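The values are calculated or read from the model by the stated rules, or taken from the named source; none is laboratory data. Predicted model only: the values in this text are computed from it and were never measured. Don't worry about glycine lacking a Cβ; one is built from the backbone with ideal geometry, like all the others, and counts go over all protein chains shown. For the accessible areas, the whole protein counts, side chains as well, though only heavy atoms, and no ligand, DNA or RNA atoms are used. Shrake-Rupley method; radii C 1.70, N 1.55, O 1.52, S 1.80 Å.
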Amino acid sequence: MTALKLLSRTKLYWGLIAIFLIGVLGSPMSSKGNNIFLSYGNLLDVLRQVSTTGLIATGMTAVIITGGIDLSVGSLMAICSVVCAMLLTVPGVTPGVVLGVPTVALVALCLGFVVTRFIFQNLAKSRAGADLVREIRLDGLRGIVTPAVVGVVLCCLSLWFLLPQIEPKFGVLGVLLVAPCVGLLFGALNGFIIVAGRLQPFIVTLAMMVTALGIARLTAGQNNAVLPVYTGSNATADFEILRSLVFGIIPMPGLFFLGAIVIYGAVLRFTPFGRYVYAIGGNEEAARLSGIAAGRVKIATYAVSGLLAGIAAVLYVAQYRQGKPDAGAGLELDAIAAVVIGGTSLMGGRGSLIGTFCGVLIFGLLSNILQLHNINSNLQLVLKGMIIIGTVLVQERNAGDLLAYLRLPGGQAAHKETAAAKRPSQETPSLNLGGNKK
């Protein structure tokens, strides 16, 4: 491997290092002569601030790899934040309880059924030696009865856990169960409409963005646009743990973000589900003809995106001590920008969560550098937009085309190299089920 190819493959990491060095060298100094950017407290603040966007971007990555988009995650986070704050602060039967508790019961029922049936199918495939993408017919006991019983049991257990919390107000575990389930249900609904209606993800998620915003406002009520959460006062003191430092080292929101990156990254890289995600993004029709249940996989990616939006909502409430209907306004755009900066192609079929992790950090460090230098907030938006455009040009290898179009030095050579890279291969195309190996 030549040095140029190695540099091209690791350009994202070099970009992160460059942003970090800019922050170190250009950082203002404290009154004691210490580098403010390098201070432990400042770096912890960066991790804490990017965690909410990072969780959203984690779910968004798989959606974009399949060739889709999810514009509703900001509104889903908003409605989950309202439900979370209401459950924490208002006792008795409230709109948050009416929306949240039945949702958990429904999700538990469906998950119990689907997961149990999935386990039986894979056991049957392993015994028969069948291909993993080939359907196996199950008998009535294993295909319907047992999964339904497991779903009902999980549904009853969830209600047994949640119903006693309605009157005295919910605790930490209660809201960590309800809010993500609300997000998962709306996300799965997104995927179902896209697959069953054969509609463009942009249109469906745009409609869901508006719908979820309206539901969030109706749930909060006109007189409760902002629901304050004061731990130890109108909410349980245990909720403070979600904004604390774990072992005095890492903030709890950062731990959630890192955990989501590691777990979902492992799923995308090492499991058949991950290979199916990449195959669908590369060529959905070929994936479907090869036996992959493309519709189910896409619904699952949107459901996970909604789930992570619900977790982000709980962390938002813990960090900002409030839930409100516009809590996630514009967050979907930040998440998409971080995913694209991380090298995930909007055309689908290419990307990784380690790239998204770097993209989130680049976005967070850039914002922190601009804030340390007291750059006007409007100018910050302009600079971020320019950096996003430049990064996408480099990631998509279209910078040479732009230089050639403008007839700038170096443009012709770069244009030829890009054209050669984009030239279709003369070999017979084949379905790649191994994910992104580049």
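In table form, for the structure just shown:
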{"item": "The stretch 123-273, accessible area per residue, ligands and nucleic acids excluded (1.4 Å, Å²)", "result": "57 Å²"}
{"item": "Phi-based couplings in Hz for the stretch 164-176 (Karplus 6.51, -1.76, 1.60; Gly and Pro marked x)", "result": "x, 8, 5, 6, x, 5, 7, x, 5, 5, x, 6, 5"}
{"item": "Residues with amide H under 5 Å from that of Q322, placed H, sequence gap 5 or more", "result": "V229"}
{"item": "Cα-Cα separations in the stretch 182-274 greater than 20 Å, expressed as whole percent", "result": "66 percent"}
{"item": "Accessible surface of the stretch 161-314, 1.4 Å probe, proportion on carbon and sulfur as whole %", "result": "68 percent"}
{"item": "Gain in span if fully extended, Q200 to I250, counting 0.36 nm per residue against the direct Cα distance", "result": "14.0 nm"}
{"item": "V172 accessible area, assembled protein chains, probe 1.4 Å, Å²", "result": "20 Å²"}
{"item": "Accessible-area composition of the stretch 1-121, carbon plus sulfur, in percent [1.4 Å probe]", "result": "74 percent"}
{"item": "Distance (nanometres) between label positions extended 7 Å along Cα→Cβ at V262 and A18", "result": "3.1 nm"}
{"item": "Förster radius 25 Å - calculated FRET efficiency between A207 and N376, Cβ distance, rounded to 0.05", "result": "0.10"}
{"item": "Amide H within-cut-off set for A235, under 5 Å, with H built and near neighbours excluded", "result": "Y230"}
